[in-house]
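Beneath this line is the structure, given in C-alpha cells, with notes to follow.
The values are calculated or read from the model by the stated rules, or taken from the named source; none is laboratory data. This one's a predicted model, so the numbers in the text were calculated from it and none came from an experiment. No Cβ is skipped: glycine too gets one built from the backbone with ideal geometry, and neighbour counts run over all protein chains shown. Side chains are part of the model used for accessible areas, which takes the heavy atoms of the whole protein and leaves out ligands, DNA and RNA. Shrake-Rupley method; radii C 1.70, N 1.55, O 1.52, S 1.80 Å.
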Amino acid sequence: MKNSVRAFLAGAVVAVLAACGAAGGAGEEAAAAPDASENWTIAADYTQPDGTTEEADYEPMSPDGVEGDWKVCALLPHVKDALWVSANYGNLMEAQRLGVQYNMFEAGGYGNLSTQISQMDDCIVQGYDAIILGAISADGNCSTIERAIEAGIVVIDFINGTNCSDAVKSSELFAQAVVSYYDTAALAAEHLVETSNGEPRKVGVFPGPDGATFANDAAQGFADVTEGTSVETTVVRRGDTGLDVQLSLIQDALQAYPDMTDVFGVDIAAEAGVVALRNAGKTGELGVYGYTIIPGLYEAIQNGDAAGAVADHTPFQGRIAMDMAVRLLEGEELRATRVGPVPVMVSDENVDEVDYVELFGPRDFKPVYEWAPSGS
C-alpha cells in the first residue's frame, strides 16, 4: 500500500498538468511528461492460462526500454463516474511515463455497445499499435477483438474482462489487466457475513449491467460466499452504472422489499444506496456494501453511512494495462497474460489508513482524451 501511495504522489502534479494541458483537442499545449526515472509498484496477482495464481509485486518496465514510437487507443464504456476517470488517469500516467501517444474514446454508457465496436473499428483502421479495451460486453466485443488481432494490433482487455475464444486468449497479442470481481465481491460478502454475527440479513444485490463480465462474476461471488449462511439474497436488480439508473433500482427495491436489511453492489450502486437511504430517512438503518469503490463511497465509509467496499486499485489496472501493451509492442514476454492488483477490503476499521490518491488519483483530475510526447 505504501508503494502505491508513493507512486501516485509522484505523479499527482503531472496529472493536474495533463488535465489542464491535454484534455482538449489539437492545438492546445500538451502536458509535460513526468521524469523518466519515476517508478511505481503494487502487489499483484499473476494468473497463468491454467488458472494458477501467484502474488508478487508488479514491476513496470523502464522507459529506457521503449524504442518504438507507439500509438495506443483506449476504449472506455464511459467517463461519467469516478471509476473510469480513475482508469483514464492510470492509462495516461503510464503513457506519459513510457513516452507513448495516448488517445481515449468513451462510448457514453453500457447501452452503447455498437458505439464502442465502431470506435474500435476506427482504431483498427487508423493503425493504432495497441488497443486498451474496457469492454461493454463480455461476448459482444469479441469479434472486434479478433479483427484487431488479425490486423497485428495488441489488445489489452482491462477492468471489465471478456469471454472470448481460446484463439483470442492464446494469442501473443492479447493480455488482460483485470482484477477478479468474483474475488472482490466474495471479499465484501465475507465481511458482511462476519459482521452479521449469524443474525438474519436480507440483501438487495445490484451487481451492474446485464452482459458485463464483472457484474456476472460479482453476482456469483456474492452468491457462493453467502450460500448456507444467515445472509439471504432478497432481490437482484441489474442496470447501467449511472447514478440515476442505480438510484431508481434501489428506491424501487426498498419499496418492494421493506424488510431488506442491506444493499450490496457495484460501487455506484452502493453510493446510490447511501443516497436512497438518506432520501428515505433511513440512513444507518441498512448496511451498504460495495464490491468496488469510488470517492463518494469512500467518503460514505468515512462518515459511517456505508459499511465497507473493496479497493480494486482502478488506476493501477490502467497503469498495468498500458505497461503490458508497451511490453508486448517491444517484443517482451509477459510474466503472466492476466495480471491485476490485489484487492483490499476498506471498512471503518481501516478507511483512515487508505490514501485517497492511491485509490482514485488526484481529486481535481478530469478526463484526458489525448496526449502525445513532445515532437511526435
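Identify the residue in the range 209-238 that is at pLDDT 95 or above and under 11 Å from Val266 (Cα atoms) and, among all such residues, is surrounded by the most Cβ atoms within 10 Å (Cβ to Cβ). First the steps, then the outcome.
Taking the range 209-238 first, the residues at pLDDT 95 or above are 218-238.
Pick out the ones that are also under 11 Å from Val266 (Cα atoms) and you get 218-219, 238.
Working: Ala218: 30, Ala219: 24, Arg238: 21.
This residue is Ala218.
Can Asp157 be described as acidic (Asp, Glu), touching a residue at least 12 places away in the same chain (Cβ under 8 Å) and open to solvent by less than 10 Å² (accessible area, probe 1.4 Å)? It is true that Asp157 is acidic (Asp, Glu), touching a residue at least 12 places away in the same chain (Cβ under 8 Å) and open to solvent by less than 10 Å² (accessible area, probe 1.4 Å). The test for being outside any helix (DSSP H, G or I), under 22 Å from the mean Cα position of the chain (by Cα), surrounded by 24 or more Cβ atoms within 10 Å (Cβ to Cβ) and of a type in the set (Gly, Ala, Ser) holds for Ala306. So for the range 319-340 (the condition being surrounded by fewer than 24 Cβ atoms within 10 Å (Cβ to Cβ), free of Cβ contacts under 8 Å to residues at least 24 places away in the same chain and touching a helix residue (DSSP H, G or I) at 6+ places or on another chain (Cβ under 9 Å)), does at least one residue qualify? Yes, the range 319-340 has at least one match.
Residue count for the range 246-286 under the criterion of being under 24 Å from Asp81 (Cα atoms), part of a helix (DSSP H, G or I) and open to solvent by 60 Å² or more (accessible area, probe 1.4 Å): the result is 4. Among the criteria (1) in contact with a helix residue (DSSP H, G or I) (Cβ under 6 Å, 6 or more places away or on another chain); (2) open to solvent by less than 20 Å² (accessible area, probe 1.4 Å); (3) touching a residue at least 60 places away in the same chain (Cβ under 8 Å), the one Asp355 does not fulfil is (2). Between a residue in the range 104-121 that is open to solvent by less than 40 Å² (accessible area, probe 1.4 Å) and any residue that is of a type in the set (Phe, Trp, Tyr) and not in a loop (DSSP other than H, G, I, E, B), which pairs come within a Cβ distance under 6 Å, given they are 6 or more apart or on different chains? Every condition considered, the pairs that remain are Gln119/Phe105. Note on the range 341-352: residues that are assigned to a loop (DSSP other than H, G, I, E, B) and open to solvent by 50 Å² or more (accessible area, probe 1.4 Å) amount to 2. When Gly134 is tested against (1) touching a Gly at 6+ places or on another chain (Cβ under 7 Å); (2) small (Gly, Ala, Ser); (3) over 27 Å from Ser374 (Cβ atoms), exactly one condition is not met: (1).
Of everything in the range 59-78, what is more than 18 Å from Ile320 (Cα to Cα) and surrounded by 21 or more Cβ atoms within 10 Å (Cβ to Cβ)? Give them in sequence order.
Matches in the range 59-78: Pro77, His78.
Within the range 100-110, is even one residue in contact with an Asp or Glu (Cβ under 8 Å, 6 or more places away or on another chain) and at positive phi? Yes, the range 100-110 contains a residue that is in contact with an Asp or Glu (Cβ under 8 Å, 6 or more places away or on another chain) and at positive phi.
Test Asp81 against the stated conditions and say whether it is within 19 Å of Thr314 (Cβ to Cβ), in contact (Cβ under 8 Å) with a residue 12 or more places away in the chain and either of a type in the set (Phe, Trp, Tyr) or open to solvent by 10 Å² or more (accessible area, probe 1.4 Å) (or both). Criteria met by Asp81. Report whether or not Gly331 is within 23 Å of Gln176 (Cα to Cα), part of a strand (DSSP E or B) and not hydrophobic (A, V, I, L, M, F, W, C). Considered against the rule, which asks whether it is within 23 Å of Gln176 (Cα to Cα), part of a strand (DSSP E or B) and not hydrophobic (A, V, I, L, M, F, W, C), Gly331 comes out as no.
Counting residues that are at pLDDT 95 or above and within 24 Å of Asn216 (Cβ to Cβ), which strands (runs of 3 or more DSSP E) fully inside the range 88-206 reach at least 3? Spell out the reasoning first.
Details: elements: 101-106, 130-133, 154-158, 174-177, 201-206.
It comes to 130-133, 154-158, 174-177, 201-206.
The conditions of being farther than 17 Å from Thr213 by Cβ and either out of contact with any helix residue (DSSP H, G or I) (no Cβ under 9 Å at 6 or more places or on another chain) or among the aromatic types (Phe, Trp, Tyr) (or both) are not met by Val79.
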